[in-house]
1. Using the alpha-carbon atoms, what tilt in degrees (0 to 90, nearest 10) does helix 170-179 show relative to the longest principal axis of the chain?
2. With a cut-off of 8 Å between alpha carbons and a minimum separation of six or more residues, what is the relative contact order of segment 132-205 in percent?
3. How about Lys52: which aspartates and glutamates have a C-alpha closer than 13 Å to its C-alpha, ignoring those fewer than 8 places off in the same chain?
4. Can you list, largest first and rounded to whole Å, the semi-axes you get for segment 1-67 by taking the square root of 5 times each eigenvalue of its Cα gyration tensor?
5. Which aspartates and glutamates have a Cα less than 13 Å from the Cα of Lys7, not counting those fewer than 8 places away in the same chain?
6. What stretch of the chain, leaving out the sites themselves, is the longest with no GluC sites (Glu not before Pro) in a DSSP loop having at most 11 other Cβ atoms within 10 Å?
7. Please report, as a whole percent, how much of the solvent-accessible surface of the chain comes from carbon and sulfur atoms (probe radius 1.4 Å).
8. With all protein chains present and a 1.4 Å probe, how do Lys190, Lys104 order by accessible area, largest first?
Amino acid sequence: MLLLDGKAVANHLRESLKTRVEAFQRQAGRAPHLTVVLVGDDKASQVYVRNKHFACKKAGIESSEHSLPGTISQEELEETLRALNSDDGVDGILVQLPLPKGLKPERVLELLRSDKDADGLTYSSLGYLWAGRPIVKPCTPSGVMRILEHYEIPVAGRRAVVVGRSNIVGKPMAHLLSEADATVTLCHSKTKDMRSYTREADIVVVAAGKARLLGREDFKKDAVVIDVGMHGTGSGELCGDVRFEELEGHVAAATPVPGGVGPMTIACLLENTVTLAEKRFSSRKR
Ligand code: NAP
């Protein structure tokens, strides 16, 4: 079984970004700039945001943070987003989700400018993606496609199954696979006899958010398995939606958790920030 090493692919992508960051710096006189909006004091969100700042720093991307108290009103949050939308020194904005109870994530997704949407998840960004004219692509599905490309896994003409239909992962994942000419089936919690679909698939992307949901018997021999799931096990370790240890000797290739899709999500966030910076800069020159 080929181990699809997301960490290595992410390093590769980050290295390739360095040249673009340097070129941008030369032309614009400053680094691309990502700003993160963090509301409340959720510990997991704080760790994710810290990792994102660290990754930006390593790539030469400027990162800043707007830490807002969990008691902030919807109006105040929207005011902050409007100010960032019109701040010329900000290229990419990321609002760390989930938001504390009482705040409406859908308003964030309506309000953020798509040309500053580093996650590629606002309603208008998804609209552009669906129309085949993406500004940037959602980070996690984009990271999965990068892994497939890096390992030269053929997608066109193959059967792909995506398990999970969230706006963040499943739906855009199915869309990107379809754009790459796979024939795609999207499964979800109401799918009957899901195994009958996954066992027919050449490529299975699992994003159900259910720890260790699928194992050997759910995949056909020589399938490619991409595990998006991420769960703490209680003993301080991480596991995915797939029982990885069952796959050896059965599937052709699989991503581990950790070290699979996770590092790619952050690398694609950096790439999106650089792309947004380049696009805004070149549109201003015209
Ligand atoms: P989500 O919003 O909870 O969506 C889960 C989807 O899976 C839903 O569409 C749900 O179906 C479906 N589902 C749930 N149980 C199922 C089952 N037993 N069989 C088939 N489908 C089932 O989750 P998400 O935001 O997409 O995230 C999914 C997982 O990916 C989570 O573990 C999350 O932590 C992880 N994640 C990882 C990264 C990364 O960087 N590695 C990034 C994002 C997310 P219904 O629509 O019918 O409810």
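1. 80
2. Details: 97 pairs, mean separation 25.9, N = 74.
35 percent.
3. Glu62, Glu65, Asp119, Glu271
4. Values: eigenvalues 108, 99, 7 Å².
Each semi-axis is the square root of five times an eigenvalue, giving 23, 22, 6 Å.
5. Qualifying aspartates and glutamates at Cα under 13 Å: Glu15.
6. Numbers: sites that count: Glu152, Glu237, Glu248.
The reported range is 1-151.
7. Numbers: 6930 of 13660 Å².
Within the chain, the accessible surface is 51 percent carbon and sulfur.
8. Numbers: Lys190 140, Lys104 100 Å².
Heavy-atom accessible area, descending, gives Lys190, Lys104.
The values are calculated or read from the model by the stated rules, or taken from the named source; none is laboratory data. Please read all numbers here as calculations on a predicted model, not as lab measurements. Virtual Cβ from ideal backbone geometry, glycine too; neighbours counted across all protein chains shown. Quick note on the areas: whole protein, heavy atoms, side chains included, nothing else; ligands and nucleic acids left out. Shrake-Rupley method; radii C 1.70, N 1.55, O 1.52, S 1.80 Å.
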